[in-house]
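A.B. asks: Take this structure first; my questions come after.
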Amino acid sequence: MVVNDLLGPAGGDEEELDQREDHAYGRYLVGLLAPKAVKVESEELDELATGERDDAESGTTDKATPPSDTFFPNSIGLSFVVETDAKAFLVRTHWGRYRRAKSDHQINKRTGAEALVWKRQDIKGEDLLVPLKDGFFGPLLPCPSADPSVLVQGRVRHTPRGWVVTVFLVNTQPEQERKKDEAWVFQPKIAVIDAGVPPQPIFVQRRDWHRDLDKMDPITREETETLEMLYRHKLEFAVGHGVSVQVSLPQDGADKAAQLETTFIPQSEVPQQTPPDATDNPDLSGVVLDMKELAEMPKPTLLASLRRFHTAYGKWIAKETAKISQASETLADHQVAANRAVGRCQRACDRLRDGIDLIESDAKAENAFRFSNRAMWQQRIHATFARKVRKKELKPEDDLAQLDIPSNRSWRLFQLAFVLLNLPSITRLDHPERSHETDAVADLLWFATGGGKTEAYLGLTAFTLALRRLQGEIEGRAGDHGVAVLMRYTLRLLSATGKCAN
C-alpha cells in the first residue's frame, strides 16, 4: 500500500487516474523525471519546523529551503563494478507516461459524456547490449517507437578492480505549454544483467575501502576499519544516483550479484534484536536479572550471580578472540580492527569486574545499587499497570500485585552491564574514567529504538541519586544539593518526526 501510494501505479500498469485529478505529477510523490529544465521555485520547497519559534530548549529552527531556485531531476542512474572477464551486459528499462484521454469507464457527472482523465501508458524498453570497453556509450533508445525522448547513456572505465560502469536513464523531452504532465516520466526503472546465456553473476564489490585509509585522520580511519570489519559480509555492489539500488544475489552470502535494479523505495528486513538467555548461552545459567531479587537477595548470593555474569562475558570474549585466526571468519583483512575490538571488550569486562568488586567492598555502593533495583522494579510495575489501564485491559481499581512478576521487572543483559561498569567512576570522584585528561570515558548506548536505552541510564540515575545522599558531604559539598544528572532530549527532532509520522 505504501509503495502504491507514494510511487504507483496504484491502479496497475494501465491505470486511469480519477477524473478529479487535475495533474498526474501531483498524484505520486516519488519516481518522477521532469522534462528538461523544469525549475523549482525556492519558496515551493519544504521547510522544517519554520512555524515554531526558537527557544533555549529545542534550539534554533533549521530552514531546509536553499537560497536559490533549483531544478527537478530529469535522470536517474547507478554505478557498479563488473568483473574483468565479462564481455558485455544488458540494460533493461521500464517507465510510464500519463496521457490525457477519454476514460473507458468514468462518466463526467456534469455532461454525462466520457470523462477526460489521465491514462497511464506502460513502456518497456528493449534490452540494450553494452560492450565492456573504455569510453562513453549512448545515447541509446530503449523504445524509439513509443517514446524516443527517453534515452540511456553512460560510461565504462577499466580499472585493476574490474570495469567501473555508470548508466543513466534520461528524460530529454522539453517542457510543453499544454498538457504539461505528458512530458513527465513516471515510475522509471533500470536493471542491469549479464549479457551471457545463461546470465552469470558478474557484479562485484564496488568500494575499495583500503584505498582511502591513509588520507583519513586517526579517528575516522579507526571507525572505518571497525565498520568494514563488522559489515564485511554485507558487500556494496552499486550506488544509485537520485535513486536507490536493489541487489539480487544467486544465494545468501554470495560475493557476486546476478542483477542490479534501481528502486525509489528500497526495502530491507531488519532482524529483531533480543537479549540472550541461558537457553542461548548456558554460561548465563544462574545469572539473576530480576530487579526485586537483586534488591533483596543476601549479599553472597548477589555477588555470586554478578560474578557468573562477568565470567560469562569473559568466556564470550575468548570465543570471539579465537575467531580472528579462523579462515572461515574472513578476518584476514581486518586484523587491526578485530584485535582492537576484542581489546575494548576486555576493557569493558575489566570495568564490569571492578563494579562488582565495588559492591562487595563498599557498603554505600551496595545499598545504592539495591535502591536502584528497587526503584526500577517499582517503576516497571507501575508503568506496566498504567499502560494496561490506558488500553482498557485493566481498571484503575484493579490489584497492582498481579503484575508483580519476574517477566515485568527484569533487566536486559546490556542494561545491567551498563549500570555495573559505571559504578566505580560514579562512586569515586577521582576515578580516572571520569577525571583523566585524555582517557576519561563517555559510554554510548547504541541500540535499536525500544531496546531499553532510557531504562538503562535511569537505573544508573537512581544509583547516583541514592549514593550522593549516602555519601553525604565530600570536599565540603553536600550530596543532596546541586545537579546530579543532566538529560537532554532532542525535542525538536522528535517533534518533527512525530509530525511526519502523523
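A.B. asks: For residues that are touching a residue at least 12 places away in the same chain (Cβ under 8 Å) and not in a loop (DSSP other than H, G, I, E, B), tally how many sit in the stretch 105-142.
C.D. replies: Within the stretch 105-142, residues that are touching a residue at least 12 places away in the same chain (Cβ under 8 Å) and not in a loop (DSSP other than H, G, I, E, B) number 23.
A.B. asks: Criterion first (buried (at least 18 other Cβ atoms within 10 Å of the Cβ), in contact with a Gly (Cβ under 9 Å, 6 or more places away or on another chain), without any contact (Cβ under 8 Å) to a residue 24 or more places away in the chain and closer than 20 Å to Phe186 by Cα) does Leu151 satisfy it? If you could, list the steps in order and put the result at the bottom.
C.D. replies: Details: buried (at least 18 other Cβ atoms within 10 Å of the Cβ): yes; in contact with a Gly (Cβ under 9 Å, 6 or more places away or on another chain): yes; without any contact (Cβ under 8 Å) to a residue 24 or more places away in the chain: yes; closer than 20 Å to Phe186 by Cα: yes.
Yes, satisfied.
A.B. asks: Filtering the stretch 232-258 down to residues that are open to solvent by 30 Å² or more (accessible area, probe 1.4 Å) and touching a Lys or Arg at 6+ places or on another chain (Cβ under 9 Å), which residue is farthest from Ala341 (Cα to Cα)?
C.D. replies: Pro250
A.B. asks: For the stretch 215-262, which positions are aliphatic (A, V, I, L, M) and outside any helix (DSSP H, G or I)? Walk me through it before giving the result.
C.D. replies: Start the filter on the stretch 215-262 by keeping residues that are aliphatic (A, V, I, L, M), which leaves 216, 219, 227, 229-230, 235, 238-239, 243, 245, 247, 249, 254, 257-258, 260.
Scanning the stretch 215-262 gives Met216, Leu235, Ala238, Val239, Val243, Val245, Val247, Leu249, Ala254, Ala257, Ala258, Leu260.
A.B. asks: Still on this structure, please answer the following. Output the qualifying pairs, or none if there are none: Cβ atoms under 9 angstrom, residues six or more apart or on different chains, first residue in the stretch 343-371 and on the phi < 0 side of the Ramachandran plot and touching a residue at least 24 places away in the same chain (Cβ under 8 Å), second residue assigned to a loop (DSSP other than H, G, I, E, B) and open to solvent by less than 20 Å² (accessible area, probe 1.4 Å).
C.D. replies: Partner pairs satisfying both residue conditions: none exist.
A.B. asks: Given the conditions (1) under 19 Å from the mean Cα position of the chain (by Cα); (2) open to solvent by less than 50 Å² (accessible area, probe 1.4 Å), report the number of the one that Thr262 does not fulfil.
C.D. replies: (1)
A.B. asks: Among the candidates Glu455, Glu437, which residue alone is open to solvent by 70 Å² or more (accessible area, probe 1.4 Å) and either over 26 Å from Ser305 (Cα atoms) or of a type outside the set (Lys, Arg) (or both)?
C.D. replies: On the way: Glu455 fails: open to solvent by 70 Å² or more (accessible area, probe 1.4 Å).
Checking each option against the conditions leaves just Glu437.
A.B. asks: Mind checking which helices (runs of 4 or more DSSP H) fall wholly inside the stretch 292-407 and carry at least 2 residues that are open to solvent by less than 70 Å² (accessible area, probe 1.4 Å) and among the hydroxyl-bearing types (Ser, Thr, Tyr)? I'd like the intermediate steps shown before the answer.
C.D. replies: Details: elements: 299-323, 335-361, 363-390.
Per the criteria, 299-323, 363-390.
A.B. asks: Give the residue that is modelled with the highest pLDDT, with candidates limited to residues of the stretch 460-502 that are loosely packed, with under 14 Cβ neighbours inside 10 Å and of a type in the set (Lys, Arg).
C.D. replies: Filtering the stretch 460-502 for residues that are loosely packed, with under 14 Cβ neighbours inside 10 Å and of a type in the set (Lys, Arg), the one modelled with the highest pLDDT comes out as Arg477.
A.B. asks: Could you please tell me which pairs satisfy a Cβ distance under 8 Å, a separation of 6+ or placement on different chains, a first residue in the stretch 167-188 that is of a type in the set (Val, Ile, Thr), and a second residue that is at pLDDT 95 or above and part of a loop (DSSP other than H, G, I, E, B)?
C.D. replies: The qualifying pairs are Thr172/Ser149.
A.B. asks: Ile405 versus (1) within 25 Å of Asp280 (Cα to Cα); (2) touching a residue at least 24 places away in the same chain (Cβ under 8 Å); (3) not polar (S, T, N, Q): which is the lone unmet condition?
C.D. replies: Single failed check for Ile405: (2).
A.B. asks: How about the stretch 213-231: which of its residues are of a type in the set (D, E, K, R) and open to solvent by less than 60 Å² (accessible area, probe 1.4 Å)? First the steps, then the outcome.
C.D. replies: Filtering the stretch 213-231 down to residues of a type in the set (D, E, K, R) leaves 214-215, 217, 221-223, 225, 228.
Selection gives Glu225, Glu228.
A.B. asks: Any residue in the stretch 344-351 that is closer than 17 Å to Glu455 by Cα and of a type outside the set (Asp, Glu)?
C.D. replies: Applying the first criterion (closer than 17 Å to Glu455 by Cα) to the stretch 344-351 yields none.
Looking through the stretch 344-351, none of the residues is closer than 17 Å to Glu455 by Cα and of a type outside the set (Asp, Glu).
A.B. asks: Restricting attention to the stretch 435-447, does a residue exist that is of a type in the set (D, E, K, R), within 23 Å of the chain's Cα centre (by Cα), modelled with pLDDT of 90 or more and within 30 Å of Pro276 (Cβ to Cβ)?
C.D. replies: As a first pass, look at the stretch 435-447 and keep what is of a type in the set (D, E, K, R): 437, 439, 443.
Checking the rest, the ones that are also within 23 Å of the chain's Cα centre (by Cα) come to 443.
Right, trim to modelled with pLDDT of 90 or more and you get 443.
When the remaining residues are screened for being within 30 Å of Pro276 (Cβ to Cβ), the result is 443.
The answer is yes, given that some residue of the stretch 435-447 is of a type in the set (D, E, K, R), within 23 Å of the chain's Cα centre (by Cα), modelled with pLDDT of 90 or more and within 30 Å of Pro276 (Cβ to Cβ).
A.B. asks: Among what's in the stretch 181-208 and is in a loop (DSSP other than H, G, I, E, B) and aliphatic (A, V, I, L, M), pick the residue that is nearest to Tyr25 (Cα to Cα). Working first, answer last.
C.D. replies: Kept after step one, since they are in a loop (DSSP other than H, G, I, E, B), are these residues of the stretch 181-208: 184, 195-202, 205-208.
Filter once more, so that each one left must be aliphatic (A, V, I, L, M): 195, 197, 202.
Working: Ala195: 35, Val197: 40, Ile202: 37 Å.
Applying the filter and picking the extreme gives Ala195.
A.B. asks: Sticking with this structure for a sec: Condition (residue is part of a strand (DSSP E or B), at pLDDT 90 or above, hydroxyl-bearing (Ser, Thr, Tyr) and crowded, with 17+ Cβ neighbours inside 10 Å) applied to the stretch 28-40: is it met by at least one residue? Step through it out loud before you land on a result.
C.D. replies: To start, the set of residues in the stretch 28-40 that are part of a strand (DSSP E or B) comprises 32-33, 36, 39-40.
Subset that is at pLDDT 90 or above: 32-33.
In the following step, the residues that additionally are hydroxyl-bearing (Ser, Thr, Tyr) were identified as none.
Within the stretch 28-40, none of the residues are part of a strand (DSSP E or B), at pLDDT 90 or above, hydroxyl-bearing (Ser, Thr, Tyr) and crowded, with 17+ Cβ neighbours inside 10 Å.
The values are calculated or read from the model by the stated rules, or taken from the named source; none is laboratory data. This structure is a prediction, so every number in the text was calculated from the model and none was measured. Positions of Cβ are backbone-derived with ideal geometry, glycine not excepted, and every protein chain shown enters the neighbour counts. Surface accessibility is based on the protein's heavy atoms, side chains included, excluding ligands, DNA and RNA. Shrake-Rupley method; radii C 1.70, N 1.55, O 1.52, S 1.80 Å.
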